[in-house]
Amino acid sequence: MKQLKERILSDGKCFPGGILKVDNFINHQMDPVLMREMAKELVRRFSEHNINKVITIEASGIAPAIMVGDYLNVPVLFAKKNVPSTMENMLVTEVFSFTKNKSYSVCVSKDYLKEGDRVLFIDDFLANGNAALGIIDLVNQAGATLEGMGFLIEKGFQSGGDNLRSRGIHIESLAIIDSLDNCTITLK
Ligand code: 5GP
């Protein structure tokens, strides 16, 4: 998506270890106009799917997810990182965080993710795909159907995209980063 690619090149910042910071328009300060355009484009790309729920993981996926949910006119469910002490009625899985280099539990209520749901996962970044694998696990536990996964930015030099596509999942990314080598952003 042209607008996003231009914004990454003008405002994105590279950090050692292959981290791209987009704090100016996605991850800290947010640009609602660009966010709305990105959501519209994701909805267009998944238009052949019959989606009844959007799912994401807190916190950075919530902004794009709610805009997608608004366009689709469906509820938006975010997996919570703090699993409540009363575990009743919760589906729980483990996710390894690329940026924090540790695993954490995420959960959703069985009241909100159920058999028969046709869900679209939305997130800001696709890196190694660990967050996505956690969501696949939650969707499977619920007996729901995963319709697709949409990302604002995919780091094409990490393994998540290939892994998820090889499973036959409909994956869409609005910008794909080929390389962050030498702290230079190279887009596909
Ligand atoms: P994955 O689970 O695909 O390995 O990593 C995706 C998650 O890690 C995203 O939800 C995002 O929050 C975070 N992430 C991974 N790589 C980056 C990055 O380069 N920059 C930022 N800002 N977040 C990242």
Quiz item: Once the mean 1/r over all distinct Cα pairs of the stretch 1-52 is inverted, what Kirkwood radius in angstroms do you read off?
Solution: 12.4 Å
Self-check item: Cβ charges +1 (Lys, Arg) and -1 (Asp, Glu), total dipole of the chain, debye
Solution: 140 debye
Quiz prompt | Anchor K155: lysines whose Cα lies under 26 Å away (excluding residues fewer than 8 positions away in-chain) | solution = K2, K5, K13, K21, K40, K53, K80, K81, K100, K102, K188
Quiz item: What does the stretch 83-125 give for Rg and for Dmax, in Å, if only its C-alpha atoms count?
Solution: 12.6, 34
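Within the chain, what percent of beta bridges assigned by DSSP are antiparallel, to the nearest 5? Show your work: numbers first, answer last.
Working: 14 of 35 bridges.
The antiparallel proportion sits near 40 percent.
List the GluC sites (Glu not before Pro) within the stretch 1-102 that DSSP assigns to loop and that have no more than 12 neighbouring Cβ atoms inside 10 Å.
Numbers: sites: E6, E37, E41, E48, E58, E88, E94; in loops: E48, E58, E88.
Loop-located and lightly packed - E48, E88.
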Quiz item: How much accessible surface does I26 have with a 1.4 Å probe, in Å² rounded to 10?
Solution: 10 Å²
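Let me have the relative contact order for the chain, percent, based on Cα pairs under 8 Å that are six or more residues apart. Before the final figure, lay out each step's value.
Details: 364 pairs, mean separation 36.2, N = 188.
Averaging sequence separation for qualifying contacts and normalising by length gives 19 percent for the chain.
Return the Rg/Rh value of the stretch 1-101, two decimal places, where both radii are evaluated on C-alpha atoms and Rh is the Kirkwood radius. It would help to have the intermediate numbers written out before the result.
Details: Rg = 15.8 Å, Rh = 15.6 Å.
Ratio value, two decimals: 1.01.
Given the alpha-carbon gyration tensor of the stretch 122-172, what are the semi-axes of its equivalent ellipsoid in whole angstrom, ordered largest first, with each equal to the square root of 5 times an eigenvalue?
Taking √(5λ) for each eigenvalue gives 18, 10, 10 Å, largest first.
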Exercise. Binning at 10 Å from 0, report for the chain what percent of all alpha-carbon pair distances ends up in each bin.
Key: 9, 38, 38, 13, 1
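With the other protein chains left in place, how much accessible area per residue, in square angstrom, belongs to the chain at a 1.4 angstrom probe? Before the final figure, lay out the partial values.
Values: 9300 Å² over 188 residues.
Accessible area per residue, the chain: 49 Å².
The values are calculated or read from the model by the stated rules, or taken from the named source; none is laboratory data. Model, not experiment: these values are computed from the prediction. Note that each Cβ is placed from the backbone with ideal geometry, even for glycine, and that neighbours are counted across all protein chains shown. Each accessible area value is taken on the protein alone, full model and side chains, heavy atoms only, with ligands, DNA and RNA left out. Shrake-Rupley method; radii C 1.70, N 1.55, O 1.52, S 1.80 Å.
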